1. Roughly what angle does helix 216-225 make with the longest principal axis of the chain, taking Cα atoms, 0 to 90 degrees, to the nearest 10?
2. Got a number for carbon plus sulfur as a percent of the stretch 375-484's accessible area, 1.4 Å probe?
3. Check which residues have an amide H placed less than 5 Å from LEU73's amide H, if you skip close sequence neighbours.
4. Taking the Cβ of VAL405 as the centre, find all other residues whose Cβ is under 12 Å away and add up their charges (Lys, Arg: +1; Asp, Glu: -1).
5. Express in whole angstrom the spacing between the alpha-carbon centres of the stretch 164-243 and the stretch 387-441.
6. Taking 4 °C and 1.567 mPa s as the conditions, I'd like the Stokes-Einstein D for the stretch 64-214 in µm²/s, using the Kirkwood hydrodynamic radius from alpha carbon pairs.
7. Quick one: helix 187-200 against the long Cα principal axis of the chain, what's the angle to the nearest 10°, folded into 0 to 90?
8. Using θ = phi - 60° and the Karplus curve 6.51 cos²θ - 1.76 cosθ + 1.60, what whole-Hz ³J(HN,Hα) does each residue of the stretch 253-264 get, with Gly and Pro shown as x?
Amino acid sequence: MKMKPEVEIYDTTLRDGSQGEGINFSVMDKLRIAEKLDAFGVHYIEGGWPGSNPKDIEFFAEAKRKKFKTARLAAFGSTRRKGVSVEKDEQVRLLLEAETPVVTIFGKTWLLHVKEVLRATPEENLAMIGDTVRFLKDHGRFVIYDAEHGFDGYKQDPEYALATWQAAAEGGADLLALCDTNGGSLPTEIARITATAQARLPVKLGIHTHNDIGLGVANALAALETGASHVQGTINGYGERTGNCNLTSVIPILALKMGKRCLPDSSLRKLKELSQFVDEIANLRHDPRQPWVGETAFAHKGGTHVNAVQKVVHSYEHIDPTLIGNTRRVLVSDLAGRSNIVMKAHELGFKVASDTPELKEILSRIKSLEHEGYEFEAAEASLALVIRKLLKHETAPFKIEGYHVSIRRDRSISVCQASVKVRVDGITEHTIAEGDGPVNALDQALRNALVKFYPQLKKVRLADYKVRIIDSTAGTGARTRVLIESTDGKEEWGTVGVHDNIIEASVQALSDSLEFRLTKR
Ligand SMILES: [Zn+2]
């Protein structure tokens, strides 16, 4: 039975989150994150601002073909410009063309901004809000109105702020999200103003906060306790300056501390994985000190007697870390690892139970790979291959027997050439290809060799390639991790390779990508 959530989660990682310094998502990245968020169970995914860049228009064109299970996709934009009728406003037209069920528009609450930034009269601003909401409602959209600078505006002129919100409500807005855009408000202010809005307005309220003074999460909770039932934020708190309200904290707090229904418990157990996945796609190191989901969030510097620690440690923890998919670090017990792997294997389509004889070997293989620097959160295809190899005892569909890469530079032109020797069913195939880089040339050569045996690989293409230098762990030097995203036009998958040498790491990830496509019939 699906119960109605008490609090709705609105994720804006792909829009507000992508404003963060050092964050740059490709269209493919955005699609993969959107699918992950949908599987996790968030209620809304804000995909981007079609009026601000062509990449977001492309994202919505691609997203149209996807079926989302729980999330509703939202396009983001602003109210119409001043002095232009809403029907003629180009940016509003693009919002409709995104063909999303939900449209979120922001408008001005703060008179200072209306007068000095917009250079509009207070009345014209009210008309801009009302017109745009009404127009989008007339076109059948679920409309969320984001009241930009909601709290700062209210502090300057409460009656005018309320009038702008009233204009959105009268236009037919389905939800009004109050925004602490500059991120400088205090929880007591947020609570007071949200309660007033709740008492004065006939519309459901949401909250959108920023973390400029470290109160992004606290401010969102203050609003949720005083009348809001919808929270906007980003995974890992990505966002401009110091970031947005961190959903990776808000979600477990709602469920485990405030007892408010928002997502199924099964989602909660995937929280850490989601957090790591998004960091991997953003090519950012996962913050070990991040509350709830960081590696050290439940690490204890314990004594040597594991048994005693196990008894005592519980009294030093605010929750059981497995509820959110994290683990206690003193005793990364086989059991915790075991149940995680069983859960993961199921998701990937394997029949594995806690008494499957191969489980022990699978677990130890994954642990040793992780120790070498592999990370599988965004490379589930590689993980699936590891499990498959140990579980099914099948031989691989091909074997790379050798390769050679050379780079030649003549004056201003450099050419990469790769040759690959592959063995399939006792036949050895040798191919040579050129490319604009060593990985591209290797990819071409490997594919040319294999399509003769497996024509289905023709459609596979390398969509994204990310490289990270990983820390030296005990006993190893610095290593290179390569993450490859591939697609066959229908599905996307990620694979990983780790080695001291970037080319070898790339070959591993390339080989996994093609092998995954072949094993997935
Ligand atoms: Zn924002």
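1. Value to nearest ten degrees: 50.
2. The nonpolar share, carbon plus sulfur, comes to 49 percent.
3. Here ILE45, VAL102 satisfy the definition.
4. -2
5. Comparing the Cα centres of the stretch 164-243 and the stretch 387-441, I get a distance of 53 Å.
6. Stokes-Einstein gives a translational diffusion coefficient of 83 µm²/s.
7. Once rounded, the angle reads 60 degrees.
8. With coefficients 6.51, -1.76 and 1.60, one gets 5, 4, 6, 9, 10, 10, x, 9, 5, 9, 9, x Hz.
The values are calculated or read from the model by the stated rules, or taken from the named source; none is laboratory data. In this text, all values refer to a predicted model and were calculated from it rather than measured experimentally. We place every Cβ from the backbone using ideal geometry, glycine too, and count neighbours over all the protein chains shown. Side chains included, ligands, DNA and RNA excluded: accessible areas come from the protein's heavy atoms. Shrake-Rupley method; radii C 1.70, N 1.55, O 1.52, S 1.80 Å.
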